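Just below is one structure, and these are the notes that go with it.
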Amino acid sequence: MTRLSDHYGFEISTADPVAAKAFDDGAQSFVAWRADAIGHLNKAIEADPNFPLPRILKAWILHSARTAKFNAAVDALLEEAAPAVADAPERERALADAVRIAHEGNLRAGVSLLETHVATHPTDILAHRLLQFELFWSGESIWMRDIVERAAPAWTETTPDFAQFQAVRAFSNEEAGEYQTAERCGRDSVDREPESAWGAHAVAHVLVMQGRIDDGVNWLENLCGNWERANQIAHHNWWHLCLFLLERGEHDRILELLDTRVRNPESPLVKAMPDATIDLQNVASLLKRLELRGIDVGGRWKTIANFCAERVTDHDNPFSSAHDAIALSAVGRHDLVDELAGNMRRVGIETGPLGNATRSLGAPLVEAMGAHGEGDHERVVNLLWPIRRELAQIGGSHAQRDLFFQVLVDSATRAGRDVQLSVLLQDISGIGFRRVTERTLYRDALARAA
């Protein structure tokens with residue numbers, strides 16, 4: 001069999017040009033955060049059922065969704081791909097082994113396999129995308145940056161998908177606190193590829209961390225027309241715009257964007273996956289941030305609470321479980337919050353590193369979110385204070401996890417914990433947030449404590 005090469009120059013284990021083209025389309029779509037990646041991969045599988053790479057990448061995508069509902073599908077894809085993987089090129093074997101190990105709960109071990117692969121193939125943008133997401137959900141921002149910076153000298157402007165690599169590089173540097181490099185690479189990504197939703201996203205992170213509120217609004221409003229082909233990252237970028245609007249007090253506009261852009265039940269993406277994890281996170285986070293500032297959000301909690309109620313046995317992502325707890329508590333389902341936390345403690349005993357984070361950090365975080373919903377501020381502080389400096393291990397970005405610090409600051413203020421409040425504000429600055437005392441909730445907490 002004469003094997004073909006993919007768009008990035010790697011040998012692939014198919015001689016079928018239709019399968020190769022469909023895989024290429026799917027891989028490039030995935031790298032660019034477009035919504036049609038799975039459709040292309042399905043065409044590749046149909047064209048050549050013995051070509052393992054489309055199944056491997058599809059397994060990665062479903063694994064990356066961070067929900068137990070796809071676990072059976074991931075297992076089936078890997079089982080179906082296994083017979084052909086043994087004779088596949090090295091890259092396909094590396095991708096297959098890494099997703100199998102990561103999906104068993106050891107994200108860092110899966111990353112380590114891919115890290116070895118990109119050490120010798122530093123321009124494999126597909127592997128870089130997968131690496132970044134696993135490290136992101138492991139709280140390994142420095143490791144994330146180190147891998148991409150080690151690869152950067154091998155890239156040139158003519159390397160395929162250089163703009164997408166710049167987006168990956170930008171976000172890795174932002175989470176590691178290298179804001180100047182992050183902004184430069186992110187803006188370059190968007191200049192080269194205006195549809196780069198991930199490049200736009202990385203710069204938005206820099207701007208929110210630095211407290212450049214008006215710059216953030218202008219940046220995202222000027223780019224939002226470019227995301228029509230994007231997947232749920234488009235919804236998340238609208239969430240980022242809402243973070244800036246929150247600091248400007250534009251609460252009515254945030255509520256309008258929640259209904260029309262962040263999670264519009266009538267949009268094709270939401271209709272196709274109404275329980276998408278990132279969408280539920282976005283909505284719960286914004287509604288909670290609004291309520292912390294005294295804003296009435298109406299009946300919007302009900303739009304996601306039923307989906308969250310179905311996830312009390314879903315422990316693929318403790319960060320998401322905390323958002324489920326916020327939504328469930330908001331509609332008075334404190335029994336389900338208790339059930340969720342109890343399940344998380346049990347599953348943490350049974351699984352690897354992800355389970356450890358679920359048990360030791362995720363479960364008390366879920367309990368704290370429930371306690372805040374019940375107005376038990378002493379309990380919130382007692383639960384969150386000991387784990388606050390380790391929360392990166394549950395995944396998510398600094399900007400996303402800031403919600404948990406906002407809840408803790410709110411409870412510390414209401415419980416009269418003035419000494420701890422002062423320490424918390426120093427912690428938040430230490431994470432990398434600039435102009436902390438100028439930010440609405442933190443500024444108001446200081447004023448109340450004075």
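Only lysines eight or more places from Lys271 in sequence, or on another chain, were considered; those with a Cα closer than 21 Å are Lys58, Lys69, Lys302. Computed over region 191-235, the P(r) tail beyond 17 angstrom holds 27 percent of alpha carbon pairs.
In a reduced charge model with +1 at each Lys and Arg Cβ and -1 at each Asp and Glu Cβ, region 162-274 shows a dipole moment near 240 debye about its Cα centre. Charge dipole of region 1-139 (Cα centre as origin; +1 on each Lys and Arg Cβ, -1 on each Asp and Glu Cβ, all else neutral): 400 debye, rounded to the nearest 20.
Averaging 1/r across all pairs of distinct Cα atoms in region 66-157 and inverting the result yields a Kirkwood radius of 13.9 Å.
Every pair of different Cα atoms in the chain enters the Kirkwood calculation, which places the hydrodynamic radius at 22.4 Å. Positive-end ranking of Phe30, Met209, Gly355 along the dipole of the chain, with charges on Cβ about the Cα centre, is headed by Met209.
Please report the relative contact order for region 162-274, taking Cα pairs under 8 Å with a sequence separation of at least 6, and give it as a percent rounded to a whole number. Provide the component values of the computation, followed by the final result.
Numbers: 146 pairs, mean separation 21.9, N = 113.
Relative contact order, region 162-274: 19 percent.
Put simply, the amide H of Ile12, placed in the peptide plane, has neighbours under 5 Å in Leu4, Ser5, Asp6, leaving out anything fewer than 5 places away on its chain. Taking the empirical scaling 2.2 N^0.38 Å for compact globular proteins as reference, region 357-450 has a Cα radius of gyration ratio of 1.01. Given +1 at the Cβ of Lys and Arg, -1 at the Cβ of Asp and Glu and no other charges, the dipole of the chain around its Cα centre is 900 debye to the nearest 20.
Projecting the Cα atoms of Val337, His372, Pro268 onto the dipole axis of the chain, where Lys and Arg carry +1 and Asp and Glu carry -1 at the beta carbon, places His372 farthest toward the positive end.
Positive-end ranking of Ala47, His63, Ala15 along the dipole of region 1-139, with charges on Cβ about the Cα centre, is headed by His63. How large, in Å, is region 1-139 by the Kirkwood hydrodynamic radius built from its alpha-carbon pairs? Kirkwood radius, region 1-139: 14.7 Å. Remark: Leu62, Leu107 ranked as Leu62, Leu107, counting other beta-carbon atoms within 10 Å and listing the fewest first.
Helix 141-151: angle to the longest alpha-carbon principal axis of the chain, degrees 0 to 90, nearest 10? Computed tilt is about 30 degrees. Ordering 133-142, 241-250 by mean Cβ neighbour count within 10 Å, with the highest value first, yields 133-142, 241-250.
Normalised by 2.2 N^0.38 Å, where N is the number of residues, the alpha-carbon radius of gyration of region 162-274 equals 1.04.
The numbers here are math on the coordinates, done by the rules we state, and not lab data. Predicted model, so just to flag it, every value in this text is computed and none were measured. Don't worry about glycine lacking a Cβ; one is built from the backbone with ideal geometry, like all the others, and counts go over all protein chains shown.
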